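*Asks:* This is the structure I want to talk about, given as structure tokens.
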Amino acid sequence: MTHPFSYQGRRVVVTGAARGVGAELLDVLADLDVAHVTAIDLNPPSGPHDAFLATNLSDEVAVRDALARIDSPVHALFNNAGVADTQTPNTVLAVNYLALRTLSEGLLDRMPEGSAIVNTASLAGNLWRKRVKQINELLDIDLTAGWSESRQWFETNAESLGQGPYNFTKEIVEVYTMRSSRPAMRRGVRTNTVCPGPIDTPLLPEFRQTTSDQIVDWNIREMNGRAVSPREVAATLAFFGSPAAAYINGVNIDIDGGFSAAAATGQLDLSGRS
Ligand SMILES: NC(=O)c1ccc[n+]([C@@H]2O[C@H](COP(=O)([O-])OP(=O)(O)OC[C@H]3O[C@@H](n4cnc5c(N)ncnc54)[C@H](O)[C@@H]3O)[C@@H](O)[C@H]2O)c1
């Protein structure tokens, strides 16, 4: 019998595969005997993969072109690529939400029963309850007719959201995970999302720019003293994409050394935050 964590015979797609978490994921999947990996990124990955689709995920035409070039079947889709508020709001919305959803919905028909969609969101999305009405409004916009209506909604509402697009897009992904997981499960496909705290990758300095060293250092300190390693995130992604997680569906899981649990029970030391 195949081991429940094994990717033997499984074909997967990984976005953001060139560096950081995605690069680690390629190594973890190879260790788990993955059959075929399609890597999607702006840049070619150096880790183990079988096909590379050079794709700008902020470009709708490029995303639809990549979709057309992915061979069936797909047993796991890892929507991992993400960009910070160092990029334009339009790019953040597209890479972190529009491309993720377009790939998920575009591949669903090609995913046999027992397959999984696994997204990388962030702790930064955990305050989604504050904006759930707006998020649901945006999620009600169907993407099959294109991204322009969603972009328009975002332009109209951006100012009222009270935060930068990065956090908002991660909130969207958490709510989308819960909303989309039920209909997808009816077709035998699970959807889950990981929500890491600061990860030790080349993206972390960009969050230092868009927030501050003080906030990031405080977050890391309260996360039990160190950032998450990209390997730890990759291993959790691989678990959710594997048959070992066969009945876990619609879950947003924090990878934060207990930060969120401490926050929920009033145990954080807030003195160094501001
Ligand atoms: N690093 C952190 O502190 C942190 C914390 C929480 C969540 N995350 C999330 O983890 C995920 C992985 O981030 P990371 O830290 O590995 O980042 P990273 O910047 O190291 O890697 C991101 C990858 O995505 C690719 N990418 C960026 N823009 C792209 C585009 N337009 N088209 C195609 N590919 C593109 C990059 O080339 C790169 O290979 C992201 O979704 C990010 O939001 C990161």
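*Asks:* Quick check, is LEU98 in contact with a helix residue (DSSP H, G or I) (Cβ under 7 Å, 6 or more places away or on another chain) and in contact (Cβ under 8 Å) with a residue 40 or more places away in the chain?
*Replies:* Yes; evaluated as a whole, the condition is true for this residue.
*Asks:* Filter the range 93-123 down to residues that are surrounded by 23 or more Cβ atoms within 10 Å (Cβ to Cβ) and assigned to a helix (DSSP H, G or I), then give me how many there are.
*Replies:* So the count comes out to 9.
*Asks:* Name every residue in the range 181-234 that is near the ligand (Cβ under 7 Å from one of its atoms) and among the hydroxyl-bearing types (Ser, Thr, Tyr), in order of residue number.
*Replies:* THR201 - this is the single residue of the range 181-234 that is near the ligand (Cβ under 7 Å from one of its atoms) and among the hydroxyl-bearing types (Ser, Thr, Tyr).
*Asks:* Also, I was wondering about something else. Would you be able to say whether some residue in the range 168-181 is in contact with a strand residue (DSSP E or B) (Cβ under 9 Å, 6 or more places away or on another chain), surrounded by fewer than 19 Cβ atoms within 10 Å (Cβ to Cβ) and in contact (Cβ under 8 Å) with a residue 12 or more places away in the chain?
*Replies:* Checked against the condition, which is being in contact with a strand residue (DSSP E or B) (Cβ under 9 Å, 6 or more places away or on another chain), surrounded by fewer than 19 Cβ atoms within 10 Å (Cβ to Cβ) and in contact (Cβ under 8 Å) with a residue 12 or more places away in the chain, the range 168-181 yields at least one hit.
*Asks:* Now for a separate question. Can you tell me which residues in the range 124-143 are under 15 Å from the mean Cα position of the chain (by Cα) and in a loop (DSSP other than H, G, I, E, B)?
*Replies:* ASN126
*Asks:* If you don't mind, another one. Take the residues in the range 23-46 that are buried (at least 17 other Cβ atoms within 10 Å of the Cβ) and charged (D, E, K, R); name whichever of them is nearest to the ligand (Cβ to nearest atom).
*Replies:* ASP41
*Asks:* Among the listed residues ARG101, ARG182, ARG190, ARG208, identify the single one that is closer than 21 Å to SER58 by Cβ and at pLDDT 95 or above.
*Replies:* ARG101
*Asks:* OK, next. Select from the range 6-22 the residues that are aliphatic (A, V, I, L, M) and crowded, with 24+ Cβ neighbours inside 10 Å and list them in ascending order.
*Replies:* VAL12, VAL13, VAL14, ALA17, VAL21
The values are calculated or read from the model by the stated rules, or taken from the named source; none is laboratory data. Only a predicted model underlies this, so the values are computations on that prediction, with no experimental measurement involved. As a convention, Cβ positions derive from the backbone with ideal geometry for all residues, glycine included, and neighbour counts pool all protein chains shown.
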